[in-house]
Amino acid sequence: MGDRIYIIASGQAEVVREDNGREVSLARLGAGEYLGEMALLNQTTRNATVRCLEALDVLSIHKREFNLLTANLPAMRESFELVMSKRTQATMVAVGGR
């Protein structure tokens, strides 16, 4: 289960997922971007692997604090949900519509 969100302060990471025995690159993330929001918002397990492409400095926010923030700042939650929706659509395209 996803238990935190990570906000990248510096560095770069790649998000990958396995599809039919092959590794598919879903995204490259850098400073100011975040990861882990899908598992928190959907209360599910993580569905991709993140690898450092270069040294990362990240801010880690536990789901308890994340839930407090998004409950009290609806616009923040909407922003996370919008990014999650875009990422889900991009993943569908990357792995062939599955």
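The values are calculated or read from the model by the stated rules, or taken from the named source; none is laboratory data. Predicted model only: the values in this text are computed from it and were never measured. All Cβ positions, glycine included, derive from the backbone under ideal geometry; neighbour counts span all protein chains shown. Keep in mind that these areas ignore ligands, DNA and RNA; they rest on the heavy atoms of the full protein, side chains included. Shrake-Rupley method; radii C 1.70, N 1.55, O 1.52, S 1.80 Å.
Things to note:
- Considering only residues in the stretch 1-15 that are open to solvent by less than 30 Å² (accessible area, probe 1.4 Å) and aliphatic (A, V, I, L, M), the one that is nearest to Thr70 (Cα to Cα) turns out to be Ile5.
- Checking every residue in the stretch 26-38 against the condition of being loosely packed, with under 14 Cβ neighbours inside 10 Å, in a loop (DSSP other than H, G, I, E, B) and not acidic (Asp, Glu) gives at least one match.
- Of all residues in the stretch 57-98 being in contact with a Lys or Arg (Cβ under 9 Å, 6 or more places away or on another chain) and within 23 Å of Glu18 (Cα to Cα), the one that is least open to solvent (accessible area, probe 1.4 Å): Val95
- Residues satisfying the stated conditions in the stretch 52-72, i.e. over 17 Å from Ile8 (Cα atoms) and touching a helix residue (DSSP H, G or I) at 6+ places or on another chain (Cβ under 9 Å): Asn67, Leu69, Thr70, Ala71
- Complete set of residues in the stretch 41-51 that are open to solvent by 90 Å² or more (accessible area, probe 1.4 Å), in a loop (DSSP other than H, G, I, E, B) and closer than 22 Å to Ala13 by Cβ: Arg46
- If you check Glu54, Glu18 for being assigned to a loop (DSSP other than H, G, I, E, B), loosely packed, with under 12 Cβ neighbours inside 10 Å and more than 12 Å from the chain's Cα centre (by Cα), only one passes: Glu54.
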